[in-house]
Ligand SMILES: [Fe+2]
Ligand SMILES: [Fe+2]
């Protein structure tokens, strides 16, 4: 009988993620006692399997986000926060095809055409997603081009930089971990999340094109499934790199959430209005009081 696959990756200091093909996942901290023989102390070398690889990838995201309270991780949306999220979605999408092609070119140079082909396919699929965010902003009466040209939300900047940096590395395997992190989190969004945002929009306005496509209702689910299959087919060293970067990207994303979450709706509105130089047409449609703390939940 074939043995069930177990995979493990050390993601930070003393913490490793261990995942079994059967779906079990746990975090492991070495006990440090001399007499212990720790089977996870050395990097894994075996083949992957989708069931265990997804455990590592999602474990990395959970660990990266563990510093955020559940309440804050799923904030109630506001229109001002949603506009900022759309600007963030634009910035995390606009260079994705270019960046993925850059990484693909490198893998072709390295004699890894299968990785290059995967990244090129992803680049094709992601093309035009920035325009969905622009259309949503325009639908809300926001001067979209002026806003995105002059404003990158603080919480999003480090994420964009991370992806730019990963895609020009000599061995840009980490870009797959980054993409997985963003797509997996997007795919968690349910119809009810979209309905909540839709309820904030003025009657007759459809400003959820980007959100729908980057949710459990859109193409993101397939992207996630395909990525899991692909990552599982990689060598152990490559899987380790992808999982480690999924963790690093989750940390950066969680930091960005925290940053935006600490802003009041008034502050968010102020930031937008300062950039566009005029009052926000629909900015006061929120059902929440202005002093209440809440957030721009990244749309991407
Ligand atoms: Fe996308
Ligand atoms: Fe995607």
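Computed from the coordinates by the stated procedures, all read-outs in this text should not be read as laboratory data. Being a predicted model, the structure only gives us computed values, none of them experimental. Note that we place each Cβ from the backbone using ideal geometry, even for glycine, and neighbour counts take in every protein chain shown.
A few points about this structure:
- Placing pseudo-labels 7 Å out from each Cα toward the beta carbon at residue 203 and residue 98 gives an inter-label distance of 4.3 nm.
- Panel note: the C-alpha atoms of the chain, placed on their principal axes, show extents of 65, 43, 32 Å (largest first).
- Straightening the chain between residue 171 and residue 66 buys 34.9 nm, computed as 0.36 nm per residue apart minus the Cα-Cα spacing.
- Most mobile of 25, 142, 205 in a GNM of the chain (Cα contacts under 10 Å): 205
- Its alpha carbons give segment 118-166 an Rg and a Dmax of 13.2, 37 Å.
- Relative to the longest principal axis of the Cα atoms of the chain, the long axis of helix 96-109 lies at roughly 30 degrees.
- Helix-only mean residue ellipticity at 222 nm for the chain, each DSSP H run of n ≥ 4 adding -39500 (n - 2.57), per residue, nearest 500: -18000 deg cm²/dmol
- Here's the picture: a label point sits 7 Å out from the Cα of residue 114 along the beta-carbon direction, and within segment 167-191 the residues with their amide nitrogen under 19 Å of it are 171-177.
- Taking 261, 110, 119 and counting other C-beta atoms within 10 Å, the order from fewest to most: 110, 261, 119
- Spin-label pair residue 27/residue 42, simplified geometry with 7 Å Cα→Cβ offset, distance in nm: 2.7
- Taking all Cα pairs closer than 8 Å and separated by 6 or more residues, the relative contact order of the chain comes to 28 percent.
- R0 of 30 Å, Cβ-Cβ distance residue 124-residue 216: FRET efficiency to nearest 0.05: 0.85
- Among 16, 66, 249, the residue with the largest mean-square fluctuation in a Gaussian network model of the chain, with springs joining Cα atoms closer than 10 Å, is 66.
- With Cα atoms, 0 to 90° folded angle of helix 191-200 axis to the chain main axis: 20
- Range of Cα positions in segment 74-201 per principal axis (Å), largest first: 50, 31, 23
- Helix axis angle, 113-126 relative to the chain longest principal axis, alpha carbon, degrees: 20
- Over segment 101-176, relative contact order from alpha-carbon pairs under 8 Å, at least 6 apart, %: 35
- Stretchable slack from residue 275 to residue 237, in nm (0.36 nm times residue separation minus alpha-carbon distance): 9.2 nm
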